[in-house]
Amino acid sequence: MKLSKSGLAIELSKLKAFEDPSAKQEQYPTDSEIAAEVLWQAKMLGDVDDKKISDLGAGTGILGIGALLLGAEECIFVEKDADAVKICKENIEGYDINAEVIQGDINDLNEKCDVIIMNPPFGTKKEHADKRFLEQAFRTADIIYSFHKTSTEKFVKAIAKDHGFDVTNRWDFSFPLKKTHKFHKRKIHRIEVSCFRMQRMQGKHL
Ligand code: SAH
């Protein structure tokens, strides 16, 4: 399938989404336009074609599926929530792509890959949830794309440096969040989120 960026966004918008996203698990799905934008940039940077990808905390699989549709060789999806795993598998079934879905904790995955693309929990509900994802990513790949709240940029840069990674790119987005409380006046609440690209510094090896 040869896709343009907007073609990818349309394709990803057809995927099944979370039926009942859990706020406690911080299941903030990536919007299809945002996923297409980041994956397109990744492709332009040479991080997609023929690459082995992992999607940690894959949810319904939008990031990994998008990478596969753009030319990645294979993708491992890791997700602990059984309902999300079920939807992720259904989404994958619609395509002829090389995908493996693992239901479990991200720390169970020891397999190395070329690139990790992930939208982890932001750690607002469960402290350091995003830290655990980053540490796992630093262990298993040289290139990482990861979504975080823009306000945590300092933390992301510091932890990357501590693990021998540079932050090479940052893309800013407004994430639409579903109304969670009756007293919220606006229907769609937004939070500022950035996708950071991190690359292992030269001379440092896995
Ligand atoms: N990547 C998806 C989902 C983002 S929400 C998207 O971009 O739309 C984050 C996901 O991480 C949730 O589905 C949540 O269930 C999962 N998750 C949280 N902690 C996890 C862990 N320790 N191991 C595996 N999955 C986890």
field: Number of the condition not met by L8 [criteria: (1) hydrophobic (A, V, I, L, M, F, W, C); (2) crowded, with 20+ Cβ neighbours inside 10 Å; (3) under 14 Å from the mean Cα position of the chain (by Cα); (4) more than 10 Å from the ligand (Cβ to nearest atom)]
entry: (3)
- request: Test S13 against the criterion of being within 15 Å of the ligand (Cβ to nearest atom), open to solvent by less than 10 Å² (accessible area, probe 1.4 Å) and among the hydroxyl-bearing types (S, T, Y), and give yes or no.
  value: no
- request: Name, by its number, the condition in (1) touching a residue at least 40 places away in the same chain (Cβ under 8 Å); (2) within 12 Å of the ligand (Cβ to nearest atom); (3) open to solvent by less than 10 Å² (accessible area, probe 1.4 Å); (4) of a type in the set (A, V, I, L, M) that does not hold for I62.
  value: (3)
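If you go through segment 16-39 one residue at a time, do you hit one that is away from the ligand (no atom under 16 Å from the Cβ) and over 16 Å from V101 (Cα atoms)?
To start, the set of residues in segment 16-39 that are away from the ligand (no atom under 16 Å from the Cβ) comprises none.
No, segment 16-39 contains no residue that is away from the ligand (no atom under 16 Å from the Cβ) and over 16 Å from V101 (Cα atoms).
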- prompt: Across segment 44-57, what is the total count of residues that are under 8 Å from the mean Cα position of the chain (by Cα) and either more than 11 Å from the ligand (Cβ to nearest atom) or open to solvent by 10 Å² or more (accessible area, probe 1.4 Å) (or both)?
  reply: 1
Search result, residues across segment 136-160 that are within 16 Å of the ligand (Cβ to nearest atom) and closer than 21 Å to Q27 by Cβ: Q136, A137, I144, Y145, S146, F147, H148, K149, T152
message: Of all residues being surrounded by fewer than 24 Cβ atoms within 10 Å (Cβ to Cβ) and without any contact (Cβ under 8 Å) to a residue 40 or more places away in the chain in segment 79-93, which is nearest to the ligand (Cβ to nearest atom)? Just the residue, please.
response: K80
- prompt: Restricting attention to segment 145-191, which residues are over 14 Å from the mean Cα position of the chain (by Cα), modelled with pLDDT under 95 and assigned to a strand (DSSP E or B)?
  reply: S174, P176, L177, H189, R190, I191
- request: For segment 72-86, state whether one or more residues are of a type in the set (D, E, K, R) and either under 14 Å from the mean Cα position of the chain (by Cα) or within 22 Å of V167 (Cα to Cα) (or both).
  value: yes
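The values are calculated or read from the model by the stated rules, or taken from the named source; none is laboratory data. Predicted model, so just to flag it, every value in this text is computed and none were measured. All Cβ positions, glycine included, derive from the backbone under ideal geometry; neighbour counts span all protein chains shown. For the accessible areas, the whole protein counts, side chains as well, though only heavy atoms, and no ligand, DNA or RNA atoms are used. Shrake-Rupley method; radii C 1.70, N 1.55, O 1.52, S 1.80 Å.
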